[in-house]
């Protein structure tokens, strides 16, 4: 989404007070307005849903390359150790 795009479209949503409270809490944790939080979260969810349904096709050579890479992961290194020592985002 283009950062400088002018926002002209509106979406009206009805929800329970509990749903609104949870969304406001999520927005506060991310230091965003409720509108910005809803837009960002909605776009991320839409991209994820679209991506899950988008097939990709590999020819035999590409398939074999992918399988070889999956069967031969990189040796442990400092970058991987740092990555694996971090707390996952969903546990922050």
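Where a number appears in this text, it was derived from the coordinates with a stated rule and is not lab data. Here the structure is a predicted model, which is why all the values come from computation and not from measurement. Glycine also receives a Cβ, built like all others from the backbone with ideal geometry; neighbour counts cover every protein chain displayed.
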Calculated from the structure, Rg/Rh (Cα atoms, Kirkwood Rh) equals which of (1) 1.06; (2) 1.12; (3) 0.97?
(2)
Acute angle (nearest 10 degrees) that the helix 17-29 long axis makes with the longest principal axis of the chain, alpha-carbon atoms:
60
Quick one: length gained pulling residue 78 to residue 91 fully straight, 0.36 nm per residue minus the C-alpha distance?
2.4 nm
MRE, 222 nm, helices only [DSSP H, n ≥ 4, -39500 (n - 2.57), over the chain, to nearest 500]
-18500 deg cm²/dmol
Give me the angle, in degrees from 0 to 90, between the Cα long axis of helix 34-53 and the longest principal axis of the Cα atoms of the chain, rounded to the nearest 10.
40
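Arrange the following residues from fewest to most other Cβ atoms within 10 Å of their Cβ: 90, 63.
90, 63
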Roughly what angle does helix 60-71 make with the longest principal axis of the chain, taking Cα atoms, 0 to 90 degrees, to the nearest 10?
90
Need one number: nm distance between label points at residue 67 and residue 52, each 7 Å from Cα along Cα→Cβ, rounded to one decimal.
2.8
